[in-house]
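Comments concern the structure below.
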Amino acid sequence: MKSCLKTTLAAAALAVTGGVANAANIVEIAAGDERFSTLVAAVTAAGLAETLSGPGPFTVYAPVNDAFAALPDGTVETLLKPENKGQLTDVLLYHVDDRNLPAAGIPAGSTYFKPLLASQRLCITKSGGSVMIADGTGEMANVVIADIMADNGVIHVIDKVLLPGTRPACH
């Protein structure tokens, strides 16, 4: 089933209309990259795949599998249970901005950004060539790959799962 889904998404990403190749959307790109298999499973379990495949624009701070693996034992499995869909959705929406925000659009210094998770904030710090994101735990995620462009936004690959909580300090 998973292989069939990946094949279907890969075929959609390579679809040609009128002789011009269509760019892939955020979900198609993530589904085609094994580093995001946990993220794709979570997005699917939360019922957000259709939304993030929509017109956007979206900026997604996409944690790699190792970031999910670094969470306390059992966290991912617990979040993926149907009864925890609301909590999983909150965590995932904390990783999404409703703008197309390439790295060049992030201002130098530290700035609050409002993710799709209502009433929460992220503090994004851009200094030199690096971008870091403080979450509700006060811990920092690093953008390890910036600007994976999709037809409905942009993906920035991060090395930590962002968790909501208290408003991070942003100086």
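For the range 88-134, the relative contact order is 31 percent, taking Cα pairs closer than 8 Å that sit 6 or more residues apart in sequence and dividing their mean separation by the residue count.
Ordering 111, 146, 65 by Cα displacement along the dipole of the chain toward the positive end leaves 111 in first place; charges were set at the Cβ atoms of Lys, Arg (+1) and Asp, Glu (-1).
The value obtained for the range 2-158, namely the Cα convex hull volume divided by the number of residues, is 116 Å³ per residue. Taking other Cβ atoms within 10 Å as a rough exposure proxy, 80, 162 sort from fewest to most as 80, 162. Add -39500 (n - 2.57) for each DSSP H run of 4 or more in the chain, then divide by its residues: what number comes out at 222 nm, to the nearest 500 deg cm²/dmol? It comes out at -7500 deg cm²/dmol, rounded to the nearest 500. Here the relative contact order of the chain, from alpha carbon pairs under 8 Å that lie six or more residues apart, stands at 23 percent.
Find the relative contact order for the range 15-107 and round it to a whole percent, using C-alpha pairs within less than 8 Å whose residues are 6+ positions apart.
On the way: 81 pairs, mean separation 28.6, N = 93.
The normalised contact order for the range 15-107 reaches 31 percent.
Ordering 97, 135 by the number of other Cβ atoms within 10 Å of each residue's own Cβ, fewest first, gives 97, 135.
Only the coordinates and a few stated rules stand behind these numbers; no lab work does. Here the structure is a predicted model, which is why all the values come from computation and not from measurement. All Cβ positions, even for glycine, are placed from backbone atoms using ideal geometry, and neighbour counts span all protein chains on display.
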